[in-house]
């Protein structure tokens, strides 16, 4: 079944990141609007209206084992309250 086209897509910038929580390290891609004043990672994290960070192409590692992912998924929503560190990774 083909999905309907819901109009023009918002252009985004992809930023590969490592997100550390108390028990997990999440490595994946976040998407920021491709407009100059909202395209920084800090702009995305400081939005008052969001409580979860959407991450795609995700590998999740237990904090004690960063060699082999505990699991992988196409999408993960990470609670901003659980994030301790976010860092962009090299392209």
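Peptides 16-22, 69-75, ordered by how many other C-beta atoms sit within 10 Å of their residues on average, highest first, read 16-22, 69-75.
Between residue 42 and residue 23, the modelled labels are 3.2 nm apart [label points 7 Å from Cα along Cα→Cβ].
Per the Debye formula with a single identical scatterer at each Cα and no solvent contribution, what log10 I(q)/I(0) holds for the stretch 12-88 at q = 0.17 Å⁻¹? Summing over Cα pairs of the stretch 12-88 leads to -0.61.
Taking 7 Å steps out from each Cα toward its Cβ at residue 14 and residue 50 produces label points 1.7 nm apart.
FYI, it's all coordinate maths here, none of it is from the lab. Given the structure is predicted, the values throughout are model-derived calculations rather than measurements. So basically every Cβ, Gly included, is an ideal-geometry build from the backbone, and we count neighbours across all protein chains shown.
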